[in-house]
Amino acid sequence: MVHATAGANSVVSNTTRRLGASLVCSLVVALLAVVTAAPTSAQPADIGLSPPEWTQTHEAPGQYPGIAVTHGVSIPMSDGVVLRADVYRPAEENGSATPDQNPVIVNLTPYNKLTTAITDAALNIPGVSPVLIDWINSLNFAGTPISGANQLRDVLSGGVTDSFAVDQELIKSGYTQVVVDVRGTGTSQGVWETLGEREQLDTIEVLDWARTQPWSNGRLGMSGVSYSAINQLQAASRTPEGLDALFAVEPMTDFIPDIVAPGGGLGVGFLTMWLTLVNSAKMMPEGSDLLRGHIDPVWLQSRIENPAVMFQEIFDAMRVADPKEASPKAQELVTATSKLRADFRTDTAAITTPTFAIGGWRDIFTNAEWRQLDQLSSLGPDEKKLIMGTGYHVTPGADMGKPGEPPRIDVLQRAWFDKWLKGIDNGIERYAPVTSHAIGGGWEQSPTIPRDDQQHRRLYLDPRSSGTAGHAVADGTLSGAAPDTAATWTIAPGISTLCSNDTVRDSTGLLVPFDICAADNGIAESNALTFTSPAVNEPVSINGPINVHLNAMFDKPDGFYSVTVSDVAPDGTSTVISTGAMTASLRNQLVPERSGYAPNGDLVDPYYLLDVNTREPVTPGEAVTLDVGALATDAVLQPGHRLRLSVYALNASRAVSLGPVSHDTQLAPEHIVLDPAAPSWISLPSDKPLI
């Protein structure tokens, strides 16, 4: 800015300078006096972690006394398919919907809007629900073998249920909420397209329908969790008329690398559970039809003809040795240039709708969530916010809403919509761009991820024993310099990871109560090669993506490695803070322009195409280098704690090799070559050196 000002002034005449000098000096003195006397709107004060006025506004009596619900509303699509919706409108004292026009919040769900209605009803039974919720909140499992159950308990007080279901307080404050079953799911006609092109067009048509209803004032927002967050970003990337705010809890932007096959390993555990849920929920017909003794024959026919969408594709991906033997859609899934893969990728740079995103460092979508601010490149800092908690996919908000934490999710949602849909000056645009809860630490606000104090440094894999992991296949050290002795360590695929934090993550967090697997990765490490650092003497912050650079060797034409990074406490408890996986034959598919690098040139955030058709087999017995990208994290190593890298040859059920890869690996043992001349290392961001 100084150089720009000087350049502009250089074209002004000397006479003008002399004539204006005294006036300029006077103005400068006056401005300095004003600035030092009081803060200005251009330089607002920090509003902090949890401004109380947002909660007070949410808890205050609403503009309207009640809610009027219309179930089973038909919304025809341009191709003739009919989607079904429930419409929740503010109501007058007599229970009738208000004639007022209000902003409309749209939620498109694949889990059947009946689930939304039941959840809403269960949470709002007069005289019963508050008592039951208070009793649940009084339970405390700390000190028991299922202490993780506290995280499931705290979800109720974190406010996410109102984003997943219906936010009654939001509606009473002057919003209409429309919950729509996605095509081919729930009560809607058609065949489920799983975030495909036609489904995305449906979303735009639903928004246009909502915008033009007589009870709408033309201003639209979108809300929802997981799938209902993903389709928000997809819709906004098409810049539909009237869409002015998004509140996306646990979104992602690229289906294949973010969840289906990160590093080339199929997330069998999550996918099987998720597909079963969606395909089961779509078998429940429209309740309002049943009350009339009627079932939509078009809806019924689609369920009979397509009872298990996507299962064949997943089965083919795991079974076939040659991708050409798979079904056409399965072939599209494993081909990076396919139209289906292109449909899965959201053009976030095209989004101009103000967006508030919430994610978690243990979520299944972490790989996408932490990137949201960078990906939303067309939005300014006032228009995009990100909160990253420590929760799993089913526990967002479990660490929110209490003293010393950010506001509840429903409170933030109300404040965000009030700002961008009603123009209320509540200051939420001044909330920090990033608000993050560190694993092992507290909450911290910053402009970016990684934070400015982070620097990637190498920690080398050294065959010298750390003396801390006698339970592992081999116990090595993480050191600040390359090792001075050579060794080759071997690891065979095993099933110890079935009891691991990765399995808990892949279960969406439903297994979090079981501390033996969720809170301590020791059992999983019994079939791993481990490398552990010395204990740190002061707190060390770790914030950002991690890369593991391995010098590897295989006995077969392909191989698969999985890694976890853990915080090891003085009592030996190993708490996972990051995880990653990599298929050896995909190493040739690195996309440099989409990858991240440290100032010293080290790769720290690799991005691979993940195309099974263009794999590059390895030569058995020859060393190759692999860069295994691990999820970004936010963690604090406390004094006395250590960092541990664990390396596995299999990670069931979170990352299982695709059929063509398994055919080549034959689940044979694999090797890490610890060579002083070609060392392996982990590139780790931290605010100070660990060693």
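Some observations on this one:
- Of the numbered criteria (1) in a loop (DSSP other than H, G, I, E, B); (2) of a type outside the set (Val, Ile, Thr); (3) touching an Asp or Glu at 6+ places or on another chain (Cβ under 9 Å), the one Asp520 fails is (3).
- Looking at Arg451, Arg464, Arg430, Arg414, just one residue is in contact with a strand residue (DSSP E or B) (Cβ under 8 Å, 6 or more places away or on another chain), touching a residue at least 40 places away in the same chain (Cβ under 8 Å) and of a type in the set (Lys, Arg), and that residue is Arg451.
- When Asn306 is tested against (1) of a type outside the set (Lys, Arg); (2) exposed (fewer than 12 other Cβ atoms within 10 Å of the Cβ); (3) modelled with pLDDT of 95 or more, only condition (2) is not met.
- Residues that are touching a strand residue (DSSP E or B) at 6+ places or on another chain (Cβ under 7 Å), β-branched (Val, Ile, Thr) and closer than 16 Å to Ile358 by Cα, drawn from the range 196-252: Val225, Val249
- Matching residues in the range 572-628 - criterion: being closer than 23 Å to Gln331 by Cα, among the polar types (S, T, N, Q) and outside any helix (DSSP H, G or I): Thr583
- The condition (being out of contact with any helix residue (DSSP H, G or I) (no Cβ under 9 Å at 6 or more places or on another chain) and not assigned by TED's automatic domain parsing to the domain that holds Thr508) is satisfied by just one residue among Val320, Val278, Val298: Val298.
- From the list Asp462, Asp452, Asp425, the lone residue that is over 19 Å from the mean Cα position of the chain (by Cα) and either closer than 23 Å to Ser533 by Cβ or crowded, with 17+ Cβ neighbours inside 10 Å (or both) is Asp462.
- Condition met for Leu650 (out of contact with any Lys or Arg (no Cβ under 9 Å at 6 or more places or on another chain), buried (at least 22 other Cβ atoms within 10 Å of the Cβ) and not β-branched (Val, Ile, Thr)): yes
- Residue within the range 538-547 that is under 27 Å from the mean Cα position of the chain (by Cα), modelled with pLDDT of 95 or more, in the same structural domain as Ala518 (by TED's automatic domain parsing) and in a loop (DSSP other than H, G, I, E, B) present: yes
- Of all residues making up the range 126-170, the number that are under 30 Å from Arg89 (Cβ atoms) and surrounded by 12 or more Cβ atoms within 10 Å (Cβ to Cβ): 20
Rundown of residues vs (1) part of a helix (DSSP H, G or I); (2) surrounded by fewer than 19 Cβ atoms within 10 Å (Cβ to Cβ); (3) among the acidic types (Asp, Glu); (4) free of Cβ contacts under 8 Å to residues at least 12 places away in the same chain, yes/no style:
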residue	(1), (2), (3), (4)
Gln331	yes, no, no, yes
Thr335	no, yes, no, no
Ala342	yes, yes, no, yes
Thr353	no, no, no, no
Phe356	no, no, no, no
Asp363	no, no, yes, no
Asn367	yes, no, no, no
Gly391	no, no, no, no
Val394	no, no, no, no
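- Residue match in the range 553-566 (condition: out of contact with any Cys (no Cβ under 6 Å at 6 or more places or on another chain), in the same structural domain as Leu609 (by TED's automatic domain parsing) and over 26 Å from Leu658 (Cβ atoms)): yes
- Criterion applied to Asp418, Asp399, Asp410 was being charged (D, E, K, R) and assigned to a loop (DSSP other than H, G, I, E, B), and the one residue passing it is Asp399.
- Counting only helices (runs of 4 or more DSSP H) wholly contained in the range 227-295, the ones carrying 2 or more residues that are within 24 Å of Ile409 (Cα to Cα) and touching a residue at least 24 places away in the same chain (Cβ under 8 Å) occupy 227-236.
- Qualifying positions in the range 479-496 - within 12 Å of Ala677 (Cα to Cα) and of a type in the set (Val, Ile, Thr): Thr485
- Qualifying strands (runs of 3 or more DSSP E) (wholly inside the range 432-501; at least 2 residues being at pLDDT 95 or above and touching a helix residue (DSSP H, G or I) at 6+ places or on another chain (Cβ under 7 Å)): none
The values are calculated or read from the model by the stated rules, or taken from the named source; none is laboratory data. Keep in mind that this is a model prediction, so the values were computed, not measured. Ideal geometry is used to build each Cβ from the backbone, glycine not excepted, and the neighbour counts take in all protein chains shown.
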